[in-house]
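Read through the structure below, which is laid out as C-alpha cells, and then see the notes.
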Amino acid sequence: MVKTLTYKILEQHLVDGRLEKGQAIGIKIDQTLTQDATGTTAFLLFESMGAERVKTELSVSYIDHNMSQFGPENHNDHLYLQSIAAKTGVYFSRPGNGICHQVHLERFGKPGTTLLGSDSHTPTGGGMGMLAIGAGGLDVAVAMGGGAFYLVCPKVIGVKLTGKLPQWVAAKDIILKLLSILTTKGNVGCVVEYFGPGVATLSVPQRATVTNMGAELGVTTSIFPSDQQTRKFLAAQNREKDYQPLAADEDCQYDRIIEIDLSSLEPLVSCSPSPDNIKTVKSLEGTKVNQVIIGSCTNSSFTDLMMVAKVLKGKTIHPAVEFAIAPGSRQVLNMLAANGALADIVAAGARVLETACGPCIGLGFSPADGTVSVRTFNRNFAGRTGTKEDNVFLTSPEVAAIAALKGEIIDPRKAGIEYPPIELSEKFLIDDNMIQKSLPPAEAKKIKILRGSTIVVPEAAKRLPDNLQGKVLLKCGDKITTDHIMPAGAFLKYRSNLPEYSKYVFNSFNEPNKPTFAQKALELKKKGIACIVVAA
C-alpha cells in the first residue's frame, strides 16, 4: 500500500489505535525537548510521576527564553533544570548555547524519528524529516517517562514544490505564501507534507524556516523528505551516521494538494496583527521603518546571517533605524566571528543580542510607539513586542537587511544591491562544550536537585465531576492566541510558579479600574463555583 511520509513514520511508531483519519492514536516518542519557560513545569510533573530517569532515546533541556530578568526567578529555574537534567539522564543546553530549535536541528535532529517538544515551534525538526510536534508540558513529561503521545490521526495536506527560488526570494516567502492560502484557521488535525522537484533545491536550514513557521497554520506539524540535502547538512555537522533517506511513495494520496511554483514567488510580508495577513513587499514600498531585528528560531541560521553580512558589508545602517541581530546558536555566532562576517555586521551598526529567543517572545527591544518594526520572526500577535498597538512586519532576512539600510521597505530586487549567493557550509564548527551530557545512573544518583524558593510544585489534577455547573466569565472571539491566554514577555518568569502566573490569565481582556479575569475567577473558586471560558 502506498503511503505518505507522515503515515510511514506514524506506522513505525504506532502503539495504540489504528491509522484511520480522525481517530485517536498513541505513538512512541523517540526524542523530547523542553525550554526553560515551559520546561520547569514539565520536569516538576515528571518528578511527580515517580520516574527516576527518562526512557526516551534522547531528551534535551534547553535554556533560551528567560535569560535575563530582575529578581532570582530565572536563575532559580536554570539551576533546577540543570540539576534535574543531570539527575534524570537528560542533556542540558546551557544559557548562551542557543535557541532550542536551532541547536536541536544542528546537533540532535534525526530523520525518521518522533520529537515532542514543550514549545509550539518544535515542528522546525520537520525540515530534516522528523515528525516533530509541539505539545503541553504534561504530554512531554509523560513521553519522557516512556508513555505514548496521543493525537488525532491526521489528514495530510501535500504541498508540491516546483521550480527554484529566484534571487532575493527566500524560504520565508514559501511559508508566507502558504499562510496566504491556508490562513491560520481550519487546519487543526492536519499535517503539511512537502514534496515535488522543488524540494531538492532547498537546504535543510531553508526547509526548517518553512516547517518552523508552519506552526502558525495551526497544523499538527509539517515535514520535508530526507534526501541528499539532508545528508549534506548532517555530514557538515559530523553526523552523517544519523542520515537515512525518507520520502512519500510516488503514487500516495493526499487529502489536499497545493502547488507552489518557487520560481514565481516574490518577496512577501506578514503584517500585524496576524501571521496570515500577507502582502507583497512591493505593495508596501516606501513604508518608513524604525526598527529591524534579524533572528529567532525561524531565521537565525548561519546561511541567514551570512546573507545579512554580505548585504551590509561596507555599508551603514540608516540613522533612523534601531538594528539588531540574534544568532540562533553559539555555533552560528562562533562561525560568524571566525570568518569576519560578524565584524561586517557590527561595523554596519548592528547591536548583537544573545543567542536566545529574546524579542521574539517579548523580552526586550520593544519598538517605540507608532513605529514600524521589521522582524524575521514567526509571530506578530498584537502587543507581543511589549508595545501596545505595535506594528510588526514579518519578513525574510534579505528584505529586513535592506530595510535596515534604507530606512524603509524596498523590494530587494530594486534596491540596487548585487545579490550575494550563499552556499551551505561543507563543515560547521563543532563545539558542544556548553551541552551537559546525560550522566550514567550511578553518577546521577549523587546529584542534588536545586529548588529555589520561586519554584512551586503544580497542584495535582483532579477528576472533573460528571455534571459540571459554573458561570461563564469570558466568551472568546476569533483568533485567540497563546498570548491572549497567558502573556509572554516580562510575565514569563512566573512560569514555574503557576499560582503567581495565573494572576495574569487573559490579562489582555482586563478593563482599567475593574476586577481582572483572574480576580473574578478566584472569587468564584472561593464560593465553590466553576469558572467557564467559552471558545466561539
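The values are calculated or read from the model by the stated rules, or taken from the named source; none is laboratory data. None of these values were measured; they are calculated from a predicted model. Cβ placement follows ideal geometry from the backbone for every residue including glycine, while neighbour counts extend to all protein chains displayed.
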Task: strands (runs of 3 or more DSSP E) lying entirely in the range 1-92 (those with 1 or more residues that are among the hydroxyl-bearing types (Ser, Thr, Tyr) and over 14 Å from ARG495 (Cβ atoms)) - done: 31-35, 58-62
TODO: For the range 419-536, please list each of the helices (runs of 4 or more DSSP H) lying entirely inside it that holds at least 3 residues being in contact with a Ser or Thr (Cβ under 9 Å, 6 or more places away or on another chain) and not small (Gly, Ala, Ser).
DONE: 482-485
Open item on the list: Among the residues that make up the range 428-444, is at least one of them in contact with an Asp or Glu (Cβ under 6 Å, 6 or more places away or on another chain) and surrounded by 15 or more Cβ atoms within 10 Å (Cβ to Cβ)?
Closed with: no
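Listed here are the residues, each with its yes/no results for (1) at pLDDT 95 or above; (2) closer than 30 Å to THR38 by Cα; (3) of a type outside the set (Val, Ile, Thr).
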site: ALA141; (1), (2), (3): yes, yes, yes
site: GLY146; (1), (2), (3): yes, yes, yes
site: TYR150; (1), (2), (3): yes, yes, yes
site: ILE175; (1), (2), (3): yes, yes, no
site: LEU179; (1), (2), (3): yes, yes, yes
site: LEU182; (1), (2), (3): yes, yes, yes
site: CYS190; (1), (2), (3): yes, yes, yes
site: GLU193; (1), (2), (3): yes, yes, yes
site: ALA200; (1), (2), (3): yes, no, yes
Open item on the list: Against the conditions (1) in contact with a Cys (Cβ under 8 Å, 6 or more places away or on another chain); (2) buried (at least 17 other Cβ atoms within 10 Å of the Cβ), where does LYS471 fall short? Just the number, please.
Closed with: (2)
TODO: For the range 369-389, indicate whether the set of residues that are among the acidic types (Asp, Glu) and at pLDDT below 95 is non-empty.
DONE: yes
TODO: Mind listing whichever residues of the range 145-195 are at negative phi, crowded, with 18+ Cβ neighbours inside 10 Å and among the aromatic types (Phe, Trp, Tyr)?
DONE: PHE149, TYR194, PHE195
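Filter the range 381-402 for residues that are of a type outside the set (D, E, K, R), part of a loop (DSSP other than H, G, I, E, B) and surrounded by fewer than 24 Cβ atoms within 10 Å (Cβ to Cβ) and give the result.
Scanning the range 381-402 gives PHE381, ALA382, GLY383, GLY386, THR387.
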- [ ] Check off (1) surrounded by fewer than 20 Cβ atoms within 10 Å (Cβ to Cβ); (2) at negative phi; (3) in contact with a helix residue (DSSP H, G or I) (Cβ under 9 Å, 6 or more places away or on another chain) for GLY349 and give me the number that stays unchecked.
- [x] (2)
Task: Test: residue in the range 62-70 that is in contact with a strand residue (DSSP E or B) (Cβ under 9 Å, 6 or more places away or on another chain), free of Cβ contacts under 8 Å to residues at least 40 places away in the same chain, not hydrophobic (A, V, I, L, M, F, W, C) and not assigned by TED's automatic domain parsing to the domain that holds PRO327 - done: no
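Please find, among GLY147, GLY136, the residue that is free of Cβ contacts under 8 Å to residues at least 12 places away in the same chain and out of contact with any strand residue (DSSP E or B) (no Cβ under 6 Å at 6 or more places or on another chain). Explain how you work it out, then say what you get.
Working: GLY136 fails: free of Cβ contacts under 8 Å to residues at least 12 places away in the same chain.
The unique qualifying residue is GLY147.
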Task: Residue check for GLN82: over 21 Å from the mean Cα position of the chain (by Cα), in contact (Cβ under 8 Å) with a residue 12 or more places away in the chain, surrounded by fewer than 24 Cβ atoms within 10 Å (Cβ to Cβ) and within 30 Å of PHE233 (Cα to Cα) - done: yes
Task: All positions within the range 3-38 that are touching a strand residue (DSSP E or B) at 6+ places or on another chain (Cβ under 6 Å) and among the basic types (Lys, Arg) - done: LYS21, LYS28
- [ ] For residues that are under 21 Å from LEU439 (Cα atoms) and of a type in the set (A, V, I, L, M, F, W, C), scanning just the range 85-117, find the one that is surrounded by the most Cβ atoms within 10 Å (Cβ to Cβ).
- [x] CYS100
- [ ] Report, by residue number, each residue of the range 253-272 that is part of a strand (DSSP E or B) and crowded, with 19+ Cβ neighbours inside 10 Å.
- [x] ILE260, LEU268, VAL269, SER270, CYS271
